[in-house]
Amino acid sequence: MTDILQYVWLGILAVFTGTPLFAVMGMGIPAAPVMVAAGLFTGIAVGATPGLAGPMAMAISLPILLSFFGFTPDALLPVFGFLIGIMKGSTVGGAVPAILFNMPGTPDSLMTTFDGHPMARAGQPRRALRIAQLSSVSGDTFSDIVLFVCAPFLAVVVEAYLDLPEKAALLILSISFIAAVIGGSVGKGLLSVSLGLIAAFVGTGQALSPRMTFGIDELSRGFSVVGAILGVLIIGETLTSLEDIWIHRKKARIDERLPDSVVDGLEKGDVRRILPHVLRSSVVGSVIGALPGVGSALAATLGYTIGRNYHAKRMKPGDTAFGAGAPEGIAATEAANSAVSGANLIPVLSLGIPGNAAAVFLILAADSIGGFNPGPQVFRFDTAQINPELVIAFGIFTMMSIGNILNWVIGGRFMRAMGILARIPLQYLLPVVLLVTMTAIYVQDTSLFALWVAFAFGIVGYVFRRCNIPVLPFVIALVLASPLEQTAREAFAATGGDPFFLFNSPTSTIFILAAVASIIFFARAAK
């Protein structure tokens with residue numbers, strides 16, 4: 001217990017006494033807390049703008065952050081702080097256009113429109129936003145507590161009981177599960193993963209022999225993971241949206257006037273009314289968030305559905321039904337989708353496996369900077385010497401707590417002020433996003449070849465979207481390809497070159513069978 005408290009204290013010190021902001025200018029303000037606040041407000045603004053999303057902002061900001069703070073271990077916490085702030089803020093901000101304009105700012109806030117917008121139309125937009133903010137921050141705080149407790153425990157179990165073959169089989173299970181779950185077709189999910197692995201294996205491999213370079217010297221280093229992910233996620237989405245607006249003439253915004261608010265804040269009894277739904281949806285969101293690849297959209301749907309059934313059985317005369325402006329509907333949705341943001345870091349910190357697009361950029365930041373390798377070894381306690389990675393992990397926990405406190409105190413006011421962003425036409429906003437993305441890629445790589453690669457992957461992302469092929473399995477395969485290859489090679493060597501090393505132990509065999517079973521199960525369920 002004393003060792004844990006020591007690491008908690010060291011993590012807090014690392015956040016508040018670490019890299020000073022603008023050190024060259026003589027400013028001694030610790031960078032990490034400032035970056036958490038900046039990321040949180042940026043995330044709220046991004047979430048409040050339909051057409052943008054948290055992962056998009058994280059993707060654009062990562063190369064810029066790396067160029068500003070450098071690639072030394074001291075940059076880890078400030079960079080992580082900004083990314084964590086965006087991750088938390090974007091979920092909260094997504095409720096703003098959903099409530100005010102019936103336009104979900106993020107996919108997981110779709111269910112919020114069912115009750116949030118009717119409340120706004122009835123003259124209670126501030127009350128609806130306040131309920132959304134309270135529920136969202138409550139769910140986020142609950143999931144962070146789950147993360148603080150479960151991630152170290154899971155990492156200790158993995159480190160103690162899983163050897164190299166088991167870890168390789170676990171990575172295969174994770175990739176297979178993500179491919180099977182995401183998207184409407186298991187076949188398309190497997191295609192997306194396969195293409196991601198093929199793209200990741202281009203270049204000089206671990207055997208020091210060129211693979212699929214076609215004699216192009218620039219490909220000997222392989223594709224830039226950051227450029228490829230930015231291309232697939234950001235450029236691909238931008239091209240798709242611009243085509244919808246300019247060619248198919250889809251409306252980019254809905255401009256409608258709302259009646260003036262007659263309720264400025266919560267009514268008496270609102271907290272008691274929404275509390276059961278917040279607690280229930282927080283549990284649902286935390287469980288969903290801990291599963292790689294499932295995502296917050298499913299958590300919001302489950303939270304809303306379970307809350308609606310519970311509410312229907314206990315409705316009293318005068319109560320508002322779900323879908324007609326019920327505060328409980330907003331609470332059930334927002335608590336569930338926000339509870340994913342903390343729990344989705346459980347597989348990241350304990351296993352090194354990203355469960356969603358936001359987690360991908362945390363792993364990319366760690367890989368780019370160095371000094372922190374997410375996985376079971378992070379939570380290794382050593383009484384002989386301090387484990388610096390464990391200090392960073394508790395520093396991450398500290399920054400997540402700072403983000404929650406800011407969200408509780410001033411997040412609601414900033415959230416309500418961001419409603420104006422929902423009126424910016426996408427045809428003006430998206431070209432700016434495209435320009436910033438290309439600039440961020442050039443800042444990261446400083447070569448025109450990187451820009452061409454990113455644009456090529458943007459075309460891939462565009463084709464994926466038009467063919468309804470899920471993009472996230474492709475991105476996660478890009479990230480996990482390197483650790484999968486390294487772990488498999490080490491396991492192969494450790495077992496004396498046994499080609500059946502994945503079936504040498506009951507645990508690894510179970511993981512492989514579970515990977516096959518998940519593909520078969522979801523393929524049959526989709527029929």
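The values are calculated or read from the model by the stated rules, or taken from the named source; none is laboratory data. Keep in mind the model is a prediction, meaning the values are calculated, not measured. Virtual Cβ from ideal backbone geometry, glycine too; neighbours counted across all protein chains shown. Surface areas here come from the heavy atoms of the whole protein model, side chains and all, with no ligands, DNA or RNA. Shrake-Rupley method; radii C 1.70, N 1.55, O 1.52, S 1.80 Å.
Out of A75, A151, A98, A155, I need the residue that is under 22 Å from G395 (Cα atoms), open to solvent by less than 10 Å² (accessible area, probe 1.4 Å), at pLDDT below 80 and assigned to a helix (DSSP H, G or I). Which one? Checking each option against the conditions leaves just A155.
Residues in region 299-355 that are of a type in the set (F, W, Y) and assigned to a helix (DSSP H, G or I) were compared, and the one that is farthest from S90 (Cα to Cα) is Y310. The condition of being of a type outside the set (S, T, Y) and on the phi > 0 side of the Ramachandran plot holds for G123. If you check L502, L513 for being within 29 Å of G187 (Cβ to Cβ) and in contact (Cβ under 8 Å) with a residue 60 or more places away in the chain, only one passes: L502. The set of residues in region 356-389 that are of a type in the set (G, A, S) and either open to solvent by less than 10 Å² (accessible area, probe 1.4 Å) or under 17 Å from K88 (Cα atoms) (or both) comprises A357, A358, A359, A365, A366, G375.
Evaluate region 493-501: report whether one residue or more is open to solvent by 20 Å² or more (accessible area, probe 1.4 Å), assigned to a helix (DSSP H, G or I), closer than 30 Å to P63 by Cβ and not aliphatic (A, V, I, L, M). No, region 493-501 contains no residue that is open to solvent by 20 Å² or more (accessible area, probe 1.4 Å), assigned to a helix (DSSP H, G or I), closer than 30 Å to P63 by Cβ and not aliphatic (A, V, I, L, M). Assess whether T42 counts as being out of contact with any helix residue (DSSP H, G or I) (no Cβ under 7 Å at 6 or more places or on another chain) and surrounded by fewer than 22 Cβ atoms within 10 Å (Cβ to Cβ). No, not satisfied. Residues being part of a helix (DSSP H, G or I), under 23 Å from S401 (Cα atoms) and touching a residue at least 12 places away in the same chain (Cβ under 8 Å) are entirely absent from region 116-128.
For region 292-303, give me each residue that is open to solvent by less than 10 Å² (accessible area, probe 1.4 Å) and either modelled with pLDDT of 80 or more or aliphatic (A, V, I, L, M) (or both). A299, A300, G303, listed by residue number.
F82: within 13 Å of A365 (Cα to Cα) and free of Cβ contacts under 8 Å to residues at least 60 places away in the same chain, yes or no? Yes. Of all the listed residues (G265, G289, G285), the sole one being at pLDDT below 80, within 21 Å of the chain's Cα centre (by Cα) and either closer than 18 Å to T91 by Cβ or open to solvent by less than 20 Å² (accessible area, probe 1.4 Å) (or both) is G289.
Here W452 clears all of (1) over 21 Å from the mean Cα position of the chain (by Cα); (2) at pLDDT below 80; (3) within 27 Å of P63 (Cβ to Cβ); (4) open to solvent by 30 Å² or more (accessible area, probe 1.4 Å) except the condition numbered (2).
The single condition among (1) modelled with pLDDT of 85 or more; (2) surrounded by fewer than 21 Cβ atoms within 10 Å (Cβ to Cβ); (3) not aromatic (F, W, Y) that G458 does not satisfy is (2).
When A312 is tested against (1) open to solvent by 20 Å² or more (accessible area, probe 1.4 Å); (2) of a type outside the set (K, R); (3) modelled with pLDDT of 80 or more, exactly one condition is not met: (3). Output the qualifying pairs, or none if there are none: Cβ atoms under 7 angstrom, residues six or more apart or on different chains, first residue in region 151-171 and closer than 16 Å to V348 by Cβ, second residue hydroxyl-bearing (S, T, Y). If the second residue must be hydroxyl-bearing (S, T, Y), the pairs left are A151/S350; L154/S350; A155/S350; V158/S350; K167/T487; L171/T487. Each residue in region 158-196 was checked for being closer than 25 Å to R489 by Cβ, open to solvent by less than 50 Å² (accessible area, probe 1.4 Å) and of a type in the set (S, T, Y), and 3 pass. Among the residues of region 204-237, just one is modelled with pLDDT under 75 and in contact with a Leu (Cβ under 7 Å, 6 or more places away or on another chain), namely T213. Going by the conditions given, is N504 over 25 Å from F361 (Cβ atoms) and out of contact with any strand residue (DSSP E or B) (no Cβ under 6 Å at 6 or more places or on another chain)? Considered against the rule, which asks whether it is over 25 Å from F361 (Cβ atoms) and out of contact with any strand residue (DSSP E or B) (no Cβ under 6 Å at 6 or more places or on another chain), N504 comes out as yes. Can you find a residue in region 212-221 that is in contact with a Phe, Trp or Tyr (Cβ under 9 Å, 6 or more places away or on another chain), part of a helix (DSSP H, G or I) and crowded, with 21+ Cβ neighbours inside 10 Å? The answer is no, given that none of the residues of region 212-221 is in contact with a Phe, Trp or Tyr (Cβ under 9 Å, 6 or more places away or on another chain), part of a helix (DSSP H, G or I) and crowded, with 21+ Cβ neighbours inside 10 Å.
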